[in-house]
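These notes are about the structure you will find just below.
The values are calculated or read from the model by the stated rules, or taken from the named source; none is laboratory data. Predicted model only: the values in this text are computed from it and were never measured. Because the Cβ atoms are built from the backbone with ideal geometry, glycine has one as well, and the counts that use them run over all protein chains shown.
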Amino acid sequence: MGVKVTPGGFAAPGTAMGFRTGTWRIQRPEHVHGIAPCHHACLAGEDPQAWIASLAEGDVAGAWQRLIAANPLPASTGRVCPHPCETACNRGGYDAPLNVHGLERWLGDAALAAGWACPAPAIGRDVPAVAVVGAGPAGLSCAWQLLRRGIRPVLLEALNQAGGVPRTAIPPYRLPRAVLDGEIERLLATGIEFRPHQRLGRDFSLEELETDFAAVFLAVGTQKSRPYSVEGVVPRDLRFGLDLLRHWIAEGAVPVMDSVAIIGGGNTAVDVARILKRAGVREVHLITHERMPHAQVPDYERMRAAPDEIVQALEEGVLIHENRMVRRLILRGERVVGVEIVHARKLKEGERVRVQAFEGTESVLKVDQVIPAIGQVVNEEGLAQLLGQREFLRVEADGRVPGTSRIFAGGDCRPGLGTVAGAIFDGARAAAAIADLLGRHETRPQRGAVVGLDRLNLHYFDHAPRQEPPVLPVSERAGDREVQGGLDQQAAHAEALRCFSCGNCMACDNCFTLCPDNAVLKTRAPLTDGSHYVFDYDYCKGCGLCAHECPVGYIAMVEEE
C-alpha cells in the first residue's frame with residue numbers, strides 16, 4: 001500500500017521520496033563543457049584554463065603534466081609567444097586579463113629547476129618509424145606527440161643542434177639559451193632518435209624518406225630571404241634582417257653602421273632594431289606600413305611583432321615610423337645615403353588587403369644602410385616537386401600536403417604562420433593525423449561554444465590586480481641579460497587564483513548548496529565530465545537557480561524532451 005500524501009506535511013517515512021517534483025519540469029539543467037576564450041585563442045593548442053586550475057589548487061606537477069601534453073616547450077613559449085590568449089581572456093572585461101604567459105613561463109621554469117622528465121612510453125625498434133625533417137618547434141612538437149602515441153619518431157636536422165629559429169634567430173635577451181637547451185635536452189631524453197647534420201636534398205631525398213618511413217613530416221622552415229628592391233634598385237651592400245640577426249647571435253657582432261632603416265613590422269624587424277641599438281648604432285629607424293598595436297587597431301593593420309617587444313624597442317631608442325613605406329632609395333654611387341618614405345595604410349577590400357600610399361606626404365631619412373626584414377621563403381632544395389612555383393608548402397586542414405598520402409608539413413614552411421607557438425600546434429596537428437593514418441585512432445572530446453563574459457556570474461569574483469613580472473631598466477639592458485623577468489611562486493599562485501575558469505566546473509558547490517530541492521548530488525571523485533555533481537532529475541523542478549548562480553557558465557537550461 002502506498003504512502004498517503006496529506007496537505008499538512010509528510011510525516012511518514014519515505015514520503016518525500018515518493019513525491020517526485022521532477023514531473024513539474026519543462027526545462028532541465030545540464031552540464032555544458034564550454035571552451036574558455038584562452039583555449040580558443042591559444043596558438044599552441046593549449047587549454048590554459050585546465051592547467052591553471054591545477055596550479056590554483058597547488059598541484060604544480062599536475063599542472064605541468066597537463067601543459068606539456070600540448071606544448072613541450074612552455075618555458076620558451078612563455079617568453080616569446082605574443083599570447084593572444086590574454087587579449088581573448090574574459091577577465092580583461094572585468095579588471096585585467098590573466099597573465100597567462102607569465103604563468104606558463106613560471107611553470108616551465110619550475111619544471112626545469114626540479115628536473116622533471118617528460119613522461120613517455122618506451123617504444124621498440126619494431127614499431128614503424130615516422131621521419132620528422134627539421135628540429136625546430138614544429139618538428140620537436142610532432143616528434144613528442146608521435147612518441148606519446150606510441151609511434152617512433154626519427155628527427156632529422158641539417159644543423160648540429162636542435163632548436164630551429166629559437167636557437168638561431170631569437171636573441172638570448174628574450175630567450176636564454178640555458179632555458180632552450182634544458183627543454184630540448186629533456187625532450188630528446190624521452191627516446192626520440194635525433195640525427196643532426198642531415199640536410200634534405202643533400203644527405204637524403206624525399207623519395208628515400210617515403211620508402212624508408214611510414215610517414216613524413218616536413219618542418220623545414222624558411223631559410224631564404226625574399227628578394228628586395230625599390231623600383232628595381234638594389235644597394236650593393238644590402239643585408240637582410242634575418243641574416244644579420246643570425247650573425248649577431250652566432251658571432252656577437254654586427255657590421256659598423258651609423259644610421260639604419262629597417263623595413264618590416266614583425267618580430268625579426270624589431271629584434272634586429274634592438275640588437276643594432278645594443279651594438280651602438282646611433283639612429284635605428286623601423287619603417288612599417290602597419291600600425292603599432294592597441295585596442296582600436298584592427299588585426300589586419302597591426303604590426304606582427306609582440307606588443308611587449310615593440311614597447312621595449314621604443315624604450316631603448318628605436319624610432320618606429322608606422323604607416324610608412326619606402327618610395328625611393330637615395331644612392332651615392334651604389335651605396336645608400338638615405339630613403340624617401342611616404343605615408344601608407346593597409347586597406348581591406350572584402351577578403352583582400354592592400355597597401356595604399358598617399359602622394360604628397362613624402363619625407364627623407366638620412367641613413368647609410370637599408371635592412372629589409374620582410375620575411376623568408378622555403379628553400380626549394382629537395383622540395384622542388386612539392387613547391388612548384390610557390391614560396392611555401394600548401395597543407396590541408398590536418399597538415400597533409402595536397403596530392404600526397406603520407407607527407408605532412410607545418411611550421412614556418414607553410415604560409416601565414418611565423419610564431420613558435422603556432423609551429424608547436426602544427427606539429428601536434430600533424431602527429432594526430434599521422435596516428436590516424438597508422439590506425440591509432442583517438443576519440444577527441446566534444447565541447448560547446450566559446451564562453452563569453454555574458455555567460456559568467458561576476459558577482460562571485462573579487463577584483464584583484466594582475467601580477468606583473470619585473471623588467472630591467474633601460475640602462476641595464478646589455479648583452480645577453482634577459483630583459484623581462486619571471487613571476488615568483490607567490491605571484492604565480494595569486495595570478496592562478498584570478499582565473500574565471502570559463503565554461504569549466506570549479507567545484508564551488510553553488511549548485512549543490514543553493515538547490516531548493518536537494519536535487520544536486522555531490523560526488524567524492526570527479527566524474528567523466530570533470531565535475532563533482534550529478535543532477536537528480538526525479539526531484540529537479542527545473543527552476544534554473546543552479547544555472548543562474550553558476551559562476552563559470554558550466555550549467556545550461558535546456559528544454560525537456
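Taking residue 387, is it surrounded by fewer than 22 Cβ atoms within 10 Å (Cβ to Cβ), of a type in the set (A, V, I, L, M, F, W, C) and over 27 Å from the mean Cα position of the chain (by Cα)? It is false that residue 387 is surrounded by fewer than 22 Cβ atoms within 10 Å (Cβ to Cβ), of a type in the set (A, V, I, L, M, F, W, C) and over 27 Å from the mean Cα position of the chain (by Cα). Taking residue 412 as the residue in question, decide whether it is closer than 16 Å to residue 136 by Cα and outside the structural domain of residue 307 (by TED's automatic domain parsing). Spelling it out, residue 412 is indeed closer than 16 Å to residue 136 by Cα and outside the structural domain of residue 307 (by TED's automatic domain parsing). If you go through the stretch 283-300 and keep only what is free of Cβ contacts under 8 Å to residues at least 40 places away in the same chain and within 13 Å of residue 316 (Cβ to Cβ), you end up with 284, 286.
Table: residues versus (1) outside any helix (DSSP H, G or I); (2) crowded, with 19+ Cβ neighbours inside 10 Å; (3) at pLDDT 95 or above.
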position	(1), (2), (3)
87	no, no, no
96	yes, no, yes
103	no, yes, yes
106	no, yes, yes
110	no, yes, yes
116	yes, no, yes
119	yes, no, no
123	yes, yes, no
130	yes, yes, yes
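The combined condition, being crowded, with 19+ Cβ neighbours inside 10 Å, farther than 24 Å from residue 396 by Cα and in contact with a Pro (Cβ under 6 Å, 6 or more places away or on another chain), is not fulfilled by residue 242.
Being touching an Asp or Glu at 6+ places or on another chain (Cβ under 7 Å), in a strand (DSSP E or B), modelled with pLDDT under 95 and farther than 24 Å from residue 416 by Cα is the requirement here; does residue 336 meet it? Against the criterion (touching an Asp or Glu at 6+ places or on another chain (Cβ under 7 Å), in a strand (DSSP E or B), modelled with pLDDT under 95 and farther than 24 Å from residue 416 by Cα), residue 336 qualifies.
Among the residues in the stretch 151-163, are any closer than 25 Å to residue 482 by Cα, without any contact (Cβ under 8 Å) to a residue 60 or more places away in the chain and either surrounded by 17 or more Cβ atoms within 10 Å (Cβ to Cβ) or in contact with a Leu (Cβ under 7 Å, 6 or more places away or on another chain) (or both)? Yes, the stretch 151-163 contains a residue that is closer than 25 Å to residue 482 by Cα, without any contact (Cβ under 8 Å) to a residue 60 or more places away in the chain and either surrounded by 17 or more Cβ atoms within 10 Å (Cβ to Cβ) or in contact with a Leu (Cβ under 7 Å, 6 or more places away or on another chain) (or both). Selection over the stretch 279-291 of residues that are assigned to a loop (DSSP other than H, G, I, E, B), over 25 Å from residue 418 (Cα atoms) and out of contact with any helix residue (DSSP H, G or I) (no Cβ under 8 Å at 6 or more places or on another chain) gives a count of 3.
Results for (1) part of a helix (DSSP H, G or I); (2) modelled with pLDDT of 90 or more; (3) farther than 18 Å from residue 305 by Cβ, shown as yes or no for each residue.
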site	(1), (2), (3)
248	yes, yes, no
257	no, yes, yes
261	no, yes, no
265	no, yes, no
268	yes, yes, no
272	yes, yes, no
277	yes, yes, no
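Among the residues of the stretch 179-192 satisfying the criterion of being touching a residue at least 60 places away in the same chain (Cβ under 8 Å) and not in a helix (DSSP H, G or I), which is farthest from residue 482 (Cα to Cα)? Out of the qualifying residues, it is 191.
Considering the conditions (1) under 24 Å from residue 475 (Cα atoms); (2) within 25 Å of the chain's Cα centre (by Cα), residue 298 is excluded by exactly one of them, (1).
Among the conditions (1) touching a helix residue (DSSP H, G or I) at 6+ places or on another chain (Cβ under 7 Å); (2) surrounded by 14 or more Cβ atoms within 10 Å (Cβ to Cβ), the only one that residue 478 does not satisfy is (2). When the residues of the stretch 33-47 are filtered to those that are touching a residue at least 60 places away in the same chain (Cβ under 8 Å) and under 11 Å from the mean Cα position of the chain (by Cα), the one that is farthest from residue 453 (Cα to Cα) is 44. Considering the stretch 472-561, the qualifying helices (runs of 4 or more DSSP H), each wholly inside and each with 1 or more residues that are more than 14 Å from residue 31 (Cα to Cα), within 31 Å of the chain's Cα centre (by Cα) and modelled with pLDDT of 95 or more, run over 489-496. Residues that are outside any strand (DSSP E or B) and under 20 Å from residue 237 (Cβ atoms) within the stretch 339-386 comprise 366, 367, 368, 373, 374, listed in sequence order. You will find that of 292, 325, the residue that is in contact with a His (Cβ under 9 Å, 6 or more places away or on another chain) and surrounded by 18 or more Cβ atoms within 10 Å (Cβ to Cβ) is 325 and no other.
Residue selection: residue 344 satisfies the criterion of being surrounded by 14 or more Cβ atoms within 10 Å (Cβ to Cβ) and among the small types (Gly, Ala, Ser). When 403, 382 are checked against the criterion of being modelled with pLDDT under 95, surrounded by fewer than 16 Cβ atoms within 10 Å (Cβ to Cβ) and assigned by TED's automatic domain parsing to the domain that holds residue 153, a single residue qualifies: 403.
Restricting the stretch 214-239 to residues that are β-branched (Val, Ile, Thr) and under 30 Å from residue 126 (Cβ atoms) leaves a set whose member that is surrounded by the most Cβ atoms within 10 Å (Cβ to Cβ) is 220. When the stretch 48-73 is limited to residues that are assigned to a helix (DSSP H, G or I), in contact (Cβ under 8 Å) with a residue 40 or more places away in the chain and of a type outside the set (A, V, I, L, M, F, W, C), the one that is nearest to residue 145 (Cα to Cα) turns out to be 65. Taking the stretch 237-246 as the range and being of a type in the set (A, V, I, L, M, F, W, C) and either in the same structural domain as residue 166 (by TED's automatic domain parsing) or in a helix (DSSP H, G or I) (or both) as the test, the residues that pass are 242, 244, 245. Of all residues in the stretch 164-187, those that are surrounded by fewer than 17 Cβ atoms within 10 Å (Cβ to Cβ) and either aliphatic (A, V, I, L, M) or under 19 Å from residue 129 (Cβ atoms) (or both) total 1. Residue 303 meets the conditions (1) without any contact (Cβ under 8 Å) to a residue 60 or more places away in the chain; (2) more than 30 Å from residue 398 (Cα to Cα); (3) crowded, with 17+ Cβ neighbours inside 10 Å; (4) among the aliphatic types (A, V, I, L, M) in every case but one. The failed one is (2). Among the residues here, residue 281 qualifies as buried (at least 17 other Cβ atoms within 10 Å of the Cβ), assigned by TED's automatic domain parsing to the domain that holds residue 338, closer than 20 Å to residue 339 by Cβ and more than 28 Å from the chain's Cα centre (by Cα).
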